[in-house]
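What follows is a short report on a single structure.
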Amino acid sequence: MNPDEVLKSIEEVAPTRGWPIIGPMRGKLLDEVVTSHRPDRMLEVGTNVGYSAIRMARHLVKGQKLVCVEIRDDMARAARSNFEKAGLSDRIEVVIGDALQVIPTLKGPLDMVFLDAVKDDYLAYLKSAEKFLHSGSVVVADNVKSHESEVKSYLNYVRNSGAYSSKYREAPPNWGTDIGDAVEVSVML
């Protein structure tokens with residue numbers, strides 16, 4: 001299977017299995033960020049079955065890397081299986097553990113960070129990763145519309161700290177049954 005076929009197979013079952021994937025509509029926003037910023041080294045916080053990681057890693061070339069942090073061993077196994085099916089295992093590393101403990105142990109620099117785990121912890125994830133970021137690094141936070149109250153401190157920080165240029169990007173529903181959602185795209189100044 002190629003990456004697009006794996007993405008389609010996940011999209012077909014995600015709504016019935018309750019998998020909270022970014023989906024094709026917000027996924028296009030994620031694609032745009034990766035293709036426009038061309039990150040060499042990326043971090044994903046919250047991998048689930050690997051849908052977003054596949055979306056991002058399919059735009060990488062040899063030598064570029066995506067590190068995924070997933071707290072659940074069963075989800076990490078499912079993600080690794082999907083990466084293998086998509087032919088992207090050489091570009092993606094999965095680290096199992098609590099992101100707040102794992103992130104400080106990583107090596108930088110990081111050109112991009114994708115946040116899609118515990119929403120109340122977005123700001124803590126970002127603060128843990130900031131020592132690896134540089135001017136031009138981009139941070140994408142998912143679910144900023146559907147979980148607005150949980151990510152309020154994060155949004156306040158990226159919008160008002162003076163450290164980032166930040167934009168809210170809304171997307172329509174993925175399957176017509178949800179309300180749609182948004183991502184916040186923040187570029188470090």
- Task: Determine which lysines satisfy two conditions relative to Lys167: a Cα distance under 23 Å, and not lying fewer than 8 residues away in the same chain.
- Result: Lys28, Lys119, Lys127, Lys131, Lys145, Lys152
- How compact and how long is segment 11-70, expressed as Rg and Dmax of its alpha-carbon atoms in Å? 11.8, 36
- Unit Cα scatterers, Debye sum, the chain: log10 I(q)/I(0) for q = 0.08, 0.17, 0.19 Å⁻¹: -0.22, -1.10, -1.43
- Task: Using only Cα atoms, figure out Rg for segment 83-189 and give it as a multiple of 2.2 N^0.38 Å.
- Result: 1.14
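A short reminder: the numbers here are calculations on the coordinates, not readings from a lab. Model, not experiment: these values are computed from the prediction.
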